[in-house]
Amino acid sequence: MLPVWPKYAREAYPDFTSWAQDPSSNYFDPEKATPENPRWLMVDIEAFS
């Protein structure tokens with residue numbers, strides 16, 4: 001078995017699945033979570049050995 005290490009494949013970007021931007025969510029907060037100033041970010045990773 002070879003060890004596999006993660007590396008960033010892309011810089012952080014706004015989390016499009018964020019419930020903080022969903023008006024139907026109990027956690028919706030338009031004052032703190034906007035597309036220009038997101039509260040949550042995601043990154044893409046890929047494996048390499």
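A few remarks follow.
- Yes/no for W19 being of a type outside the set (S, T, Y) and within 16 Å of the chain's Cα centre (by Cα): yes
- For beta carbons closer than 9 Å, sequence separation of 6+ or different chains, a first residue in the range 24-49 that is over 30 Å from L2 (Cα atoms) and a second that is modelled with pLDDT of 90 or more, the qualifying pairs are P38/Y13; L41/A12; L41/Y13.
- Exclusive hit being in a loop (DSSP other than H, G, I, E, B) and surrounded by 10 or more Cβ atoms within 10 Å (Cβ to Cβ), set A33, A12: A33
- Qualifying residue in the range 36-44 (condition: under 17 Å from the mean Cα position of the chain (by Cα), of a type in the set (D, E), assigned to a loop (DSSP other than H, G, I, E, B) and surrounded by 11 or more Cβ atoms within 10 Å (Cβ to Cβ)): no
The values are calculated or read from the model by the stated rules, or taken from the named source; none is laboratory data. Quantities reported herein were computed from a predicted structural model and do not represent experimental measurements. Glycine gets a Cβ as well: all are built from the backbone with ideal geometry, and neighbour counts include every protein chain shown.
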